[in-house]
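Values in this text are rule-based calculations from the coordinates and carry no lab data. Everything quoted here is computed from the prediction, not taken from an experiment. In this analysis, Cβ positions are derived from the backbone assuming ideal geometry, glycine residues included, and neighbour counts consider all displayed protein chains.
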Amino acid sequence: MMVAGGVAVAAPETSGPETVLIQPAATIPLPPELDPAFYHPSTDAVAAKAPGEIIAARLVNLANFGLIPLNVDAWQVSYRSNNSRDEPIAAVATVLKPRGSAPDKLVSMQVAEDSLGAYCAPSYAVQQSSVATLAGQIVAPLEFMIAQGAVQQGWAVVIPDHQGPNEAYAAGPLAGRITLDGIRATRAFEPMQLATDARIAMYGYSGGAIATGHAAELHQSYAPELNIVGVAEGGVPADLGPVLDNSINGIWSGMAMAAVIGLSREYPEFSALLDQTMDPLGKALSVIKGGLCVQWNTALAPFMNVKGFLRTQGDPLDHPVVREVLDSTRMGKSVPTMPMYIWQGNPDELIPVGQVNTLINTYCQDPAASVQYTREHLSEHITTELFGTGPALLWLRDRLNGVPASQGCSTSDVGWLAMNPDGLQLVGQTFGETLASFLGKPIGVK
């Protein structure tokens, strides 16, 4: 790393003498819609880079719910990635580490953005003075506490905006590429001071599991050089067809429609089909929902039949264009080569357990698969994440510490993950350390 005029300059992973100037942190951060230079660099600038290569970088000030600042080293990086058609796109990730440390472990934390407005992106929502929480992005700030729990373990963390520049919610193959390229960018970002042989893990729940699961499956074909030693994911939307069917006339149907809109932003043929077949009420709702964060998208028009807005012959899920999108976004096309910890609520009112069982069975047909699957029977979608986070982070800690995972596949049925004393203790410690950070304690420094 070179220093010019007191400002650090980090060399991109694949460039020679070229350097990237680290910009100072903004006093008042701008949402992506008002910050095109960083979030939407020129097409030529993006295409000139290799996947994962950094385009721009800047310091950022992070805070809980935009209000309570964190004492942690943090930056944002803009980098080249690819969409699901392997065309170059720009992506953004937030990277952080314990103050002044040189970590040998990295966790890629895929937040469940579940939104359709760029101002809902994690990179904006976790910044000090961000108004994303007030605008309806309630999930990213809450899951940011899980990321803080990882930093408290002494790990480096990268949080990618995995929905991409068009906020293509639920487009898993896109999110997987952005996630893997975000890890590449973090490894190449010299101020992170990552050990060259750093072990890497991935975590995601619900919408974050879409990105995490596809990244795990794409790892060997897309980014085999990454030393990913473990993946923890829960509430896994492995097959969007059953998830959509499960939402019909239910409380989560507004979120399901947001996913339909998000998919149309990544799959042009699907967008054209919606334009041709969606009735006026569906189109009006799509316009309104198309710029909303998760809270308002979920609250707007629940208990509706999303498929009923489409005037197709028979079940819209049987239309060839829809089938192609569902096939493209379905997990199970390849078996991840790293150990996996998967947990799922049963029943889960949003993500049905059956399609997760199918995914596990698909993986475990391969004798080389290593999958620990836990089903929780006395919870629902939100509390399954809350009480499942501790056991998941403990499992990841073993992998990052070099403890081998059990070979083969195992399935455990539990009543309530909150009864796991070690996991509950870790969650308690995380919230305790987070409260201490409110008073200025450096994150990750004991």
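What is the stretch 234-280 by shape, rounded, prolate or oblate, if you read a ≥ b ≥ c off the alpha carbon gyration tensor as root eigenvalues and call it rounded for a/c under 1.5, prolate for a/b larger than b/c, and oblate otherwise?
Working: a/c = 2.45, a/b = 1.47, b/c = 1.66.
The shape class here is oblate.
Note that the stretch 210-215 has calculated 3J(HN,Hα) couplings of 4, 5, 5, x, 5, 4 Hz, one per residue in order, obtained from phi through the Karplus relation 6.51 cos²θ - 1.76 cosθ + 1.60 (θ = phi - 60°); glycine and proline are x.
Rounded if a/c is under 1.5, else prolate if a/b is larger than b/c, else oblate: which is the stretch 56-210, with a ≥ b ≥ c the root eigenvalues of its Cα gyration tensor?
On the way: a/c = 1.59, a/b = 1.09, b/c = 1.46.
It comes out oblate by the Cα gyration axes.
Net charge in the neighbourhood of VAL157 (other residues with Cβ under 11 Å of its Cβ; Lys, Arg +1, Asp, Glu -1) is +1. A simple spin-label model places the labels of ILE251 and GLN313 4.0 nm from each other, with each point 7 Å out along Cα-to-Cβ. Most tightly packed first, judged by the mean number of other beta-carbon atoms within 10 Å of their residues, the peptides 326-336, 108-118 read 108-118, 326-336.
Summarised as an ellipsoid, the chain has semi-axes of 31, 26, 21 Å, derived from the eigenvalues of the Cα gyration tensor scaled by 5 and square-rooted, with the largest first. Between the stretch 306-358 and the stretch 363-404, the C-alpha centres lie 20 angstrom from each other.
Over the stretch 160-312, what portion of Cα pair distances is larger than 26 Å, expressed as a whole percent? List each step's numbers first, then the result.
Numbers: 3811 of 11628 pairs.
Summing the P(r) of the stretch 160-312 above 26 Å gives 33 percent of all pairs.
Just for the chain, what percent of DSSP beta bridges are antiparallel, to the closest 5? It would help to have the intermediate numbers written out before the result.
Details: 28 of 63 bridges.
Of those bridges, close to 45 percent are antiparallel.
Ranked by the mean number of other Cβ atoms within 10 Å per residue, highest first, peptides 406-417, 189-200, 96-107, 72-83 order as 72-83, 96-107, 189-200, 406-417. Each label was represented as a point 7 Å from its Cα along the Cα-to-Cβ direction; for GLU87 and ALA195 these points are 4.2 nm apart.
Under the 0.36 nm per residue contour assumption, what length would be gained going from the current alpha-carbon distance of ASP104 and THR27 to full extension? Provide the component values of the computation, followed by the final result.
Working: separation 77, 0.36 × 77 = 27.72 nm, distance 3.10 nm.
Here the segment from ASP104 to THR27 would lengthen by 24.6 nm.
Take the Cα of GLU324, step 7 Å toward its Cβ, do the same at ALA50, and the gap between the two points is 3.3 nm. How big, in percent, is the set of alpha carbon pairs in the stretch 226-331 lying more than 19 Å apart? Here the long-distance tail beyond 19 Å is 44 percent of all Cα pairs in the stretch 226-331. Among the GluC sites (Glu not before Pro) in the stretch 183-237, those placed in a DSSP loop whose Cβ has at most 16 other Cβ atoms within 10 Å are GLU225. A DSSP coil position with no more than 14 other Cβ atoms inside 10 Å describes the following chymotrypsin sites (Phe, Trp or Tyr not before Pro) in the stretch 241-325: PHE303.
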